[in-house]
Amino acid sequence: MKTTLTEFQRNFRKAREAADRGDPVIVKGESGEYLFERRSAPAEHPFVGLEGVFGAVKLPRDKVSLREKIRRRLGTKNGNRRRRTA
């Protein structure tokens, strides 16, 4: 469905019904064309079933904070010595 900006504003209900049917609505404005269409709700888990694709969505096994990782790394580097406080 192609329409002008003024007609789109006047007949928004019809444009929305067309978008609900799956028809894109192209609105011609002064500076260019705009596309009005319906998008589905974002999926809660968009990568379900794609775990094997290049390992791109593989989640880490441990959920350790970055602070804890650095603390452990420094602990092994310094022989797990504790600093004395004054």
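Tell me yes or no: at least one residue of segment 14-26 is part of a loop (DSSP other than H, G, I, E, B), modelled with pLDDT of 85 or more and either loosely packed, with under 10 Cβ neighbours inside 10 Å or not charged (D, E, K, R) (or both).
Yes, some residue in segment 14-26 is part of a loop (DSSP other than H, G, I, E, B), modelled with pLDDT of 85 or more and either loosely packed, with under 10 Cβ neighbours inside 10 Å or not charged (D, E, K, R) (or both).
Pairs under 7 Å by beta carbon, first residue touching a residue at least 12 places away in the same chain (Cβ under 8 Å) in segment 11-30, partner surrounded by 12 or more Cβ atoms within 10 Å (Cβ to Cβ) and among the acidic types (Asp, Glu), six or more apart or different chains?
Pairs found: ALA19/GLU37; PRO24/GLU37; VAL25/GLU37.
The values are calculated or read from the model by the stated rules, or taken from the named source; none is laboratory data. It should be emphasised that the depicted structure is a prediction, and the values quoted were computed from it without experimental measurement. FYI the Cβ positions are ideal-geometry reconstructions off the backbone, even for glycines, and counts take in every protein chain you see.
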